[in-house]
Structures are given as structure tokens and as C-alpha cells.
Amino acid sequence: MLCLHGAPKRVALFTAATLALAAFASLTAEAAESKTYEITLKDQAFMPSELKVPAGTAFIIKVKNENDAPAEFESKDLKFEKVVAGHAEILAKVKALPGGTFEFYDEYHEDTARGTVVAE
């Protein structure tokens with residue numbers, strides 16, 4: 001005699017666990033595939049002020065703010081806006097870009113803290 005008591009619950013749990021593992025693996029693969037480019041904000045200037053990235057590939061920008069004051073790392077071209085506290089770091093995920101030049105800046109010091117991403 002076959003006992004199926006509790007089988008639907010076990011199948012549902014197994015399915016949920018499998019989906020969760022697949023989602024985690026996908027996120028891990030995406031993070032591993034995305035290259036991280038680092039820039040530093042110091043004395044209201046980005047160093048380096050130009051990042052060269054491959055066109056058609058998503059990437060991450062890691063911003064380290066070495067100033068005492070917070071900064072607002074922003075780009076209308078790249079579609080992000082993130083506040084980074086003084087002496088802190090943030091990550092900005094950027095979707096794959098077509099070839100071209102894309103600007104970013106510290107909104108609090110737009111006149112001096114500017115840079116570009118060049119996708120080639």
C-alpha cells in the first residue's frame with residue numbers, strides 16, 4: 001500500500017527550495033559576471049574621472065567617498081541617484097550600455113565633481 005499522506009506538502013517544499021536555489025544561483029552568476037569599477041571622491045573630484053567599459057555589458061561602480069561631507073552620486077544618463085555618506089562606500093549597478101559617453105556627478109558639487117563612463 002502506498003502512503004501519500006503529506007506528499008503534496010513535501011512536493012511543494014521541494015519545489016520552493018529548488019526555485020530558491022535557482023534564483024540564488026542566477027544572482028550569484030550575475031554578480032560574478034558584472035565587473036566592478038572603483039572610483040574615489042576626494043576634495044570634490046572623482047578619481048579617475050573617466051571609466052572605460054565594454055559596451056553591451058552590465059557593470060557595477062563602487063564609489064568611495066573620502067570627504068567628510070556626504071555626496072549624491074548621480075547620473076541621468078545611467079539612471080541612478082545614490083547618496084554616499086562621508087568616509088563611506090556605495091555600489092551602483094549599471095545596465096548594459098550602447099556605445100557612447102555617459103556623464104555622472106556629485107549633485108552637491110556639480111561644478112567640480114564630474115566624470116564620464118565611456119562604453120566602447
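The values are calculated or read from the model by the stated rules, or taken from the named source; none is laboratory data. Note that this is a predicted model, so its numbers are computed, not measured. Methodologically, a virtual Cβ is constructed for each residue, glycine included, from the backbone with ideal geometry; neighbour enumeration extends over all protein chains shown. These area figures cover heavy atoms from the full protein model, side chains too; ligands, DNA and RNA do not enter into them. Shrake-Rupley method; radii C 1.70, N 1.55, O 1.52, S 1.80 Å.
Brief remarks follow.
- Yes/no for residue 101 being modelled with pLDDT of 95 or more, open to solvent by 20 Å² or more (accessible area, probe 1.4 Å), β-branched (Val, Ile, Thr) and not in a strand (DSSP E or B): no
- Residue pairs whose Cβ atoms lie under 9 Å apart, separated by 6 or more positions or on different chains, with the first residue in region 93-110 and more than 20 Å from residue 44 (Cβ to Cβ) and the second exposed (fewer than 12 other Cβ atoms within 10 Å of the Cβ) and among the small types (Gly, Ala, Ser), are 96/56; 97/56; 98/56; 99/56.
- Selection from region 51-66 of residues that are open to solvent by 20 Å² or more (accessible area, probe 1.4 Å), in contact with a strand residue (DSSP E or B) (Cβ under 6 Å, 6 or more places away or on another chain) and of a type outside the set (A, V, I, L, M): 52, 62, 64, 66
- Failed item in (1) within 14 Å of residue 107 (Cβ to Cβ); (2) open to solvent by less than 40 Å² (accessible area, probe 1.4 Å); (3) within 13 Å of the chain's Cα centre (by Cα); (4) of a type outside the set (Ser, Thr, Tyr), with residue 84 passing the rest: (3)
- Selection within region 104-120 - under 17 Å from residue 55 (Cβ atoms) and not in a strand (DSSP E or B): 120
- Considering (1) at pLDDT 95 or above; (2) within 14 Å of residue 116 (Cα to Cα), the lone condition that residue 79 does not fulfil carries the number (1).
- Selected residue (criterion: least open to solvent (accessible area, probe 1.4 Å)) from residues of region 104-120 that are among the charged types (D, E, K, R) and touching a Phe, Trp or Tyr at 6+ places or on another chain (Cβ under 7 Å): 106
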